[in-house]
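Down below is the structure, laid out as structure tokens.
The values are calculated or read from the model by the stated rules, or taken from the named source; none is laboratory data. Keep in mind the model is a prediction, meaning the values are calculated, not measured. Virtual Cβ from ideal backbone geometry, glycine too; neighbours counted across all protein chains shown. For the accessible areas, the whole protein counts, side chains as well, though only heavy atoms, and no ligand, DNA or RNA atoms are used. Shrake-Rupley method; radii C 1.70, N 1.55, O 1.52, S 1.80 Å.
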Amino acid sequence: TGGPGSPKQPGSPDEQYRHRHLRCGLEIQNYDRDDQDGTLQSGFMRVGTLGCFVRLLSGDDAFVSNNHVVAGTNVANVGDRILQPSSNIFSAGDFVGTLSDFVPLKFSALGATPQAGNAVYNEVDAGVVKLDDSVGYLQEFLAHHGLPTITGLATPDLDDAVFKVGRSTGLRRGKITNVSTVVGPV
């Protein structure tokens, strides 16, 4: 996907460059999907953000991202190779894991709206990547952001200060102003 810093240019967020150990917020890519559908051959690639690290029921280490990033909006294959950072050429040094699973996204029919009551909602946009055994990770963000270490879950409240780190935007801060909002055409 396009966006600020895509492709890498001077001034791009540090999240777009190669980092070992992996950390939350870094750029990732499903290389196999981009290669198989011709995206790379046309001079483009689809990239996104590594969310956080988890342990699978099997005991394997993994990370969570979005379905639309690692599973190509339901069309990728379990076992597809994931790179960090993205590239239009496969490099074993950039290989970090394989697509393990994803929650399929559902779509509304053309013309559906929340007001008409016929819109389809998704609970999550999520995919999981099993880490390669050789890849180390830290459950934290790049150090120069000065952010707290991720330690668990919390229940957010209105007016809480929040932040997010993404591959296109780097660090962004905000405040919770609303919850359970439906965003779409009016």
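Please work out if VAL54 is outside any loop (DSSP other than H, G, I, E, B), more than 12 Å from LYS130 (Cβ to Cβ) and modelled with pLDDT of 95 or more. Reasoning before the result, please.
Working: outside any loop (DSSP other than H, G, I, E, B): yes; more than 12 Å from LYS130 (Cβ to Cβ): no; modelled with pLDDT of 95 or more: yes.
For VAL54, the condition - outside any loop (DSSP other than H, G, I, E, B), more than 12 Å from LYS130 (Cβ to Cβ) and modelled with pLDDT of 95 or more - is not met.
Inside region 116-175, can you point out the residues that are β-branched (Val, Ile, Thr), in contact with a Ser or Thr (Cβ under 8 Å, 6 or more places away or on another chain) and free of Cβ contacts under 8 Å to residues at least 24 places away in the same chain? Outline the logic, then answer.
Taking region 116-175 first, the residues β-branched (Val, Ile, Thr) are 120, 124, 128-129, 135, 149-151, 155, 162, 165, 169.
Those left that are additionally in contact with a Ser or Thr (Cβ under 8 Å, 6 or more places away or on another chain): 120, 128-129, 165.
Across region 116-175, the qualifying residue is only VAL120.
Quick grid of which residues meet (1) assigned to a loop (DSSP other than H, G, I, E, B); (2) surrounded by 14 or more Cβ atoms within 10 Å (Cβ to Cβ); (3) touching a residue at least 60 places away in the same chain (Cβ under 8 Å):
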| position | (1), (2), (3) |
| --- | --- |
| ASN74 | yes, yes, no |
| VAL78 | yes, no, no |
| PRO85 | yes, yes, yes |
| VAL96 | no, yes, yes |
| LYS106 | yes, no, no |
| GLY111 | yes, no, no |
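If I filter region 21-37 down to residues being open to solvent by less than 10 Å² (accessible area, probe 1.4 Å) and not in a loop (DSSP other than H, G, I, E, B), which single residue comes out as farthest from GLY170 (Cα to Cα)?
Taking the candidates together, the pick is ASP34.
Among the residues of region 130-142, which ones are part of a strand (DSSP E or B) and closer than 12 Å to LEU26 by Cβ? Outline the logic, then answer.
First pass over region 130-142, keeping only residues part of a strand (DSSP E or B): 130-131, 137.
Answer for region 130-142, where residues must be part of a strand (DSSP E or B) and closer than 12 Å to LEU26 by Cβ: just TYR137.
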